[in-house]
Amino acid sequence: MFRSKFIIAVAAMGLSLAACDTKPLEPLNPQEGTEYFPLEKGRFVSYNVRQTNYRLNQPPEVITFQLKEVISEPYITPAGEQAWRVVRYRRADGRQNWEIINVWTARKTATFAMRTEENIPYLRLVFPVRVDKTWNGNQYNTLSRENYRITDIGSRYLVDGRPYNETLTVLQRNDSTLVGKDKRMEVYAPDIGLIYRISEQVAYCQDRTQNCVGRAIIESGTITEQRIFDSGIERN
């Protein structure tokens, strides 16, 4: 009888200790990853851009230029939300002066980051960031659904030989067939923002008389690469 009571007491004590050692899972921080999309007055990023245009029966046209984006003044939208103006500049190379080309806008909340480009809002990131997290990048516009997906977080990424030790990669589209290719990808670094972007939207030659079917020979379309070369904060 005593032995049975002892065993029951020991078992109860074990259950009690196990309950004490078990901690509830901490909820995800909804703002985790917001550092990949910083919005601060004066913050800028400059890029080298290479754009290759393909046209039927014409040699490829290669255009290179530099692009600079500067976060300007915040403002309140008609819906009562804070957004930021993004002033965009362009020049041929470092020997030229920057010239304003347009103004886009950006907005960030605890759960998402959005950019409005040419009056079209795109949902660039969602928080908290997680590998394989997927969302509709066109959720706030009238374009067809596009499933953006985070494919990598925390990896080292090189841009023109310069290392960025912690990055986040978003694959916006990755379609490839015998008739064409549509690949779009963006890479972000914390406290900088976008450091690399590539867009390949091309159609392949389908002319059997030229023996080009299935050989991924580009006939038309555009390939654009955007690579960071400078960033910081301008203080007026």
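The values are calculated or read from the model by the stated rules, or taken from the named source; none is laboratory data. It should be emphasised that the depicted structure is a prediction, and the values quoted were computed from it without experimental measurement. Positions of Cβ are generated from backbone atoms using ideal geometry, with glycine treated the same way; all protein chains shown enter the neighbour counts. Keep in mind that these areas ignore ligands, DNA and RNA; they rest on the heavy atoms of the full protein, side chains included. Shrake-Rupley method; radii C 1.70, N 1.55, O 1.52, S 1.80 Å.
Spatial offset of region 188-236 relative to region 101-133 amounts to 20 Å, using the alpha carbon center of each.
For Thr224, put the label point 7 Å out on the Cα→Cβ axis and report which residues of region 138-177 keep their amide N under 16 Å from it. Zone members listed by number: 172-173. Across region 167-180, computed HN-Hα scalar couplings (Karplus, 6.51 cos²θ - 1.76 cosθ + 1.60, θ = phi - 60°) run 9, 10, 10, 10, 8, 8, 6, 8, 9, 9, 9, 6, 9, x Hz from first to last residue, x flagging Gly and Pro. For the chain, carbon and sulfur atoms together expose 51% of the accessible surface, with a 1.4 angstrom probe and every protein chain in place. Taking 27 Å as the limit for the C-alpha separation, the pairs Lys68/Lys133; Lys133/Lys183; Lys41/Lys181; Lys108/Lys181; Lys108/Lys183 exceed it in the case of Lys68/Lys133; Lys41/Lys181; Lys108/Lys181. Taking all protein chains into account, the per residue accessible area for the chain stands at 61 Å² (1.4 Å probe). In order along region 194-210, phi translates into HN-Hα couplings of 5, 10, 8, 9, 9, 9, 10, 10, 9, 10, 8, 4, 10, 8, 5, 5, 9 Hz, rounded to whole numbers, per the Karplus curve 6.51 cos²θ - 1.76 cosθ + 1.60 with θ = phi - 60° and x for Gly and Pro.
Rounded to the nearest 20, the size of the Cβ-charge dipole of region 176-236 about its Cα centre is 220 debye, with Lys and Arg at +1 and Asp and Glu at -1.
Compute and list, largest first, the equivalent-ellipsoid semi-axes of the chain from the alpha carbon gyration tensor, each √(5λ) rounded to a whole angstrom.
After diagonalising the Cα gyration tensor, the semi-axes are 46, 27, 17 Å.
Restricting region 168-236 to trypsin sites (Lys or Arg not before Pro) that sit in a DSSP loop and have at most 14 other Cβ atoms within 10 Å of their own Cβ leaves Arg215, Arg235. Computed extension gain for Asp182 through Asn53, at 0.36 nm per residue and net of the alpha carbon distance, reaches 45.0 nm. Using Cβ point charges alone (K and R +1, D and E -1), the dipole size of region 41-133 about the Cα centre works out to roughly 240 debye.
Calculated mean residue ellipticity, 222 nm, the chain: -3000 deg cm²/dmol, from DSSP H runs (n ≥ 4) at -39500 (n - 2.57) each, averaged per residue and rounded to 500. Using only the alpha-carbon atoms, how far is helix 2-21 inclined from the longest principal axis of the chain? Give it as 0 to 90 degrees, nearest 10. It works out to around 30 degrees. Here region 155-180 is scanned for amide nitrogen atoms under 13 Å from the site 7 Å beyond the Cα of Ala203 along Cα-to-Cβ, giving 179-180.
Which FRET efficiency, nearest 0.05, do Asn119 and Val213 yield, Cβ-Cβ r, R0 35 Å? For R0 = 35 Å, the calculated efficiency reads 0.35.
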